[in-house]
Amino acid sequence: MTVGAPPATSSPMPRRRVLPCTITGVVVVALAIAAWFIAEAVVRDQVIKTIREQAITNLALPDDQQIDVELTGMVLPQVIGGTLKDVRVSSENVVFGPFAGDVVVTASAVPVRGDGNIADGVAEVTINAEQLRGLMTVIDGFPVDTLGIAEPDVTVTTEIAA
């Protein structure tokens, strides 16, 4: 120790800036979450539009046909994985040749890129009495005017010559 010199003191350690680092981390995480949800919304919208356009094109439906598409779960991971888990497509008054009906199609494990088979699918067509009459007009001699629906039965009245 030198005489007359002030005693050596240790300089204070620089204080860590914990608060700015924490705020930055929270902002980065919040932006990542927001980006994920925005990407999910964009991808979901695009998948729904694509399914709707494919239905209109493949079934030769009018461009203004109302088609509802429902997808289960988060779509972005399903698209990345290449398969949509569950898809439900529905539309009312879909015209098929001489008749129209309400259609609901549900499918599972639908490939996104079109290079595979759907694992499971069901199509349901619901028709009313008038739509049923339109369908039956294609059968020559069928008494369409007497056709009716008394749920859950279909009725028809006819005379049989003895």
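Structure above, values below:
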| read-out | value |
| --- | --- |
| Two-site label geometry, Glu159 and Asn93: point separation in nm, points 7 Å out along Cα→Cβ | 3.7 |
| Alpha-carbon Debye profile of the chain, log10 I(q)/I(0) at 0.11, 0.16 Å⁻¹ | -0.70, -1.01 |
| For a label point 7 Å along the Cα-to-beta-carbon line of Ala39, residues of the range 50-94 with backbone N under 15 Å | 74-82 |
| Rounded percent of accessible protein surface that carbon and sulfur make up, the chain, 1.4 Å probe | 61 |
| Cα-based convex hull, the range 23-77, per residue volume (Å³, whole number) | 83 |
| Inter-probe distance in nm under a simple model that places probes 7 Å from Cα toward Cβ, at Val122 and Asp140 | 3.8 |
| Solvent-accessible area per residue for the chain (1.4 angstrom probe, square angstrom) | 75 |
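The values are calculated or read from the model by the stated rules, or taken from the named source; none is laboratory data. Since we're looking at a predicted model, the values are computed, not measured. Because the Cβ atoms are built from the backbone with ideal geometry, glycine has one as well, and the counts that use them run over all protein chains shown. In case anyone asks, the SASA skips ligands and DNA or RNA and just uses the protein heavy atoms, side chains included. Shrake-Rupley method; radii C 1.70, N 1.55, O 1.52, S 1.80 Å.
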